[in-house]
1. Just to be sure before I move on: is Ile106 in contact with a Lys or Arg (Cβ under 7 Å, 6 or more places away or on another chain), within 17 Å of Trp12 (Cα to Cα) and either among the small types (Gly, Ala, Ser) or surrounded by 12 or more Cβ atoms within 10 Å (Cβ to Cβ) (or both) in the structure I sent?
2. Name the residues in segment 69-89 that are open to solvent by 60 Å² or more (accessible area, probe 1.4 Å), in a helix (DSSP H, G or I) and not charged (D, E, K, R), would you?
3. Step by step: first the residues of segment 27-39, then only those that are of a type outside the set (D, E, K, R) and out of contact with any Leu (no Cβ under 8 Å at 6 or more places or on another chain), then the one that is least open to solvent (accessible area, probe 1.4 Å). Which residue is that?
4. Going by what's in this entry, would Ser21 be described as within 16 Å of Cys72 (Cβ to Cβ) and assigned to a helix (DSSP H, G or I)?
5. When both residues are 6+ apart or on different chains and their Cβ atoms are under 8 Å apart, which pairs have a first residue that lies in segment 50-62 and is at pLDDT 95 or above, and a second that is of a type in the set (Val, Ile, Thr) and surrounded by 20 or more Cβ atoms within 10 Å (Cβ to Cβ)?
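The values are calculated or read from the model by the stated rules, or taken from the named source; none is laboratory data. As the structure is a computational prediction, the values presented were derived from the model and not from experiment. Here the Cβ positions follow ideal geometry from the backbone for every residue, glycine too, while neighbour counts run over all protein chains shown. The accessibility values were calculated without ligands, DNA or RNA, using every heavy atom of the protein model including side chains. Shrake-Rupley method; radii C 1.70, N 1.55, O 1.52, S 1.80 Å.
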Amino acid sequence: MAEGSYTKLDVWQKSMDVVSSIYSLTKSFPKEELYTLTSQMRRAAISIPSNIAEGRSKRTTREFMRFVNIACGSTAELETQIRIGERLGYLSSNQSRPLLEELAYIGRMLNKLFSSLENKSTSRDP
């Protein structure tokens, strides 16, 4: 694998954009949320591109699939946390809607990547 090849993946690039957005949005959260919801949202956001990068660097397709699956889980986790932030009044629907749409798109991209990897993996099996 060429060094940094994961950075060429659209899904990694889009998930990096989400990290930036989450950091910006959570700056306005109440201070009492710093070690709870703010921290959870930032960690879930960071987990998405991090797992894509880590998985892409693995030696086997099956290992990459495992990390793509983890990134999918982090996407759903972040979606839930955004909805919690909205329910608690920390985010307006104008702030959360574009993020939720972007996460849905990232989720679809991850599912397609997983399917592609699964097809590649099964085509190699005897």
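1. For Ile106, the condition - in contact with a Lys or Arg (Cβ under 7 Å, 6 or more places away or on another chain), within 17 Å of Trp12 (Cα to Cα) and either among the small types (Gly, Ala, Ser) or surrounded by 12 or more Cβ atoms within 10 Å (Cβ to Cβ) (or both) - is met.
2. Asn69, Ile70, Thr80, Ile84
3. Initially, segment 27-39 is screened for residues of a type outside the set (D, E, K, R), giving 28-30, 34-39.
So of that shortlist, the ones also out of contact with any Leu (no Cβ under 8 Å at 6 or more places or on another chain) come out as 28, 30, 34-36, 38-39.
Details: Ser28: 82, Pro30: 38, Leu34: 77, Tyr35: 194, Thr36: 70, Thr38: 4, Ser39: 34 Å².
Applying the filter and picking the extreme gives Thr38.
4. Values: within 16 Å of Cys72 (Cβ to Cβ): no; assigned to a helix (DSSP H, G or I): yes.
When the stated conditions are applied, Ser21 does not pass them.
5. Asn51/Val68; Ile52/Val11; Ile52/Val68; Gly55/Val68
The rows are residues; the columns are (1) of a type outside the set (A, V, I, L, M); (2) open to solvent by 60 Å² or more (accessible area, probe 1.4 Å); (3) not in a helix (DSSP H, G or I).
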{"position": "Trp12", "(1), (2), (3)": "yes, no, no"}
{"position": "Met41", "(1), (2), (3)": "no, no, no"}
{"position": "Ala45", "(1), (2), (3)": "no, no, no"}
{"position": "Ile52", "(1), (2), (3)": "no, no, no"}
{"position": "Phe67", "(1), (2), (3)": "yes, no, no"}
{"position": "Leu91", "(1), (2), (3)": "no, no, yes"}
